[in-house]
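Each remark here refers to the structure printed beneath this line.
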Amino acid sequence: MSWELWSVGLGGAAGAALRYLVDGAVRRMVSDRLPWGTLTVNTAGTLLLGLVFGITSATAVPPQVWALVAVGLCGALTTYSTFSHEVLALARNGRPLTAAAYAAATECCALAALAAGTLLARALPL
């Protein structure tokens, strides 16, 4: 088995555990009328991905590091399947406008976080 595959697996395990912990903490802190935990992990994960992308654009990063952080950690921290399920659940529960607003907010937050992470990485003295 390659080191890159092991790196993806290790990063994925860490990302899944982190997603579980952050989602649970956010759900305990705020109202459960919206899936704030999923919005939080998706935004944080894309911010981290933007940082990693920005850093790797400026410096040479070994493929194992990219596999560990970008593919494994960020891939497991963010969750498109849960997001999709939550949008569908909101719509099925008679809240189609809330579902649409949540979907739009998630996409906007993710894109803004990705851009912010990339810009922040470029501002770092590497």
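Quick check on the stretch 64-102: of everything there that is over 16 Å from the mean Cα position of the chain (by Cα) and β-branched (V, I, T), which residue is farthest from W6 (Cα to Cα)?
T98
Could you pull out every one of the helices (runs of 4 or more DSSP H) wholly within the stretch 24-110 that has 2 or more residues that are open to solvent by 20 Å² or more (accessible area, probe 1.4 Å) and at pLDDT 95 or above?
On the way: elements: 36-58, 63-66, 80-92.
In the stretch 24-110, 36-58, 80-92 are the helices (runs of 4 or more DSSP H) which contain 2 or more residues that are open to solvent by 20 Å² or more (accessible area, probe 1.4 Å) and at pLDDT 95 or above.
In the stretch 24-37, what residues are of a type outside the set (D, E, K, R) and free of Cβ contacts under 8 Å to residues at least 60 places away in the same chain?
Residues of the stretch 24-37 that are of a type outside the set (D, E, K, R), as a first pass: 24-26, 29-31, 34-37.
Selection gives G24, A25, V26, M29, V30, S31, W36, G37.
Return yes when T118 is open to solvent by less than 40 Å² (accessible area, probe 1.4 Å), polar (S, T, N, Q) and within 16 Å of the chain's Cα centre (by Cα) and no when it is not.
Values: open to solvent by less than 40 Å² (accessible area, probe 1.4 Å): yes; polar (S, T, N, Q): yes; within 16 Å of the chain's Cα centre (by Cα): yes.
Spelling it out, T118 is indeed open to solvent by less than 40 Å² (accessible area, probe 1.4 Å), polar (S, T, N, Q) and within 16 Å of the chain's Cα centre (by Cα).
Find the residue count for the stretch 27-48, including only residues that are under 8 Å from the mean Cα position of the chain (by Cα) and not β-branched (V, I, T).
Total satisfying the criteria: 5.
Starting from the stretch 48-63, keep only residues that are under 19 Å from W3 (Cβ atoms), then list their pairs with residues that are part of a helix (DSSP H, G or I) whose Cβ atoms are within a distance under 6 Å, requiring at least 6 positions of separation or different chains.
Note: pairs meeting the criteria are V52/V69; V52/A70; P63/E4.
The values are calculated or read from the model by the stated rules, or taken from the named source; none is laboratory data. Please read these numbers as outputs of a predicted model, since none were measured by experiment. Counting neighbours? That spans all protein chains shown, and the Cβs are built from the backbone with ideal geometry, glycine included. Calculation scope for accessible area: heavy atoms of the full protein, side chains included, ligands and nucleic acids excluded. Shrake-Rupley method; radii C 1.70, N 1.55, O 1.52, S 1.80 Å.
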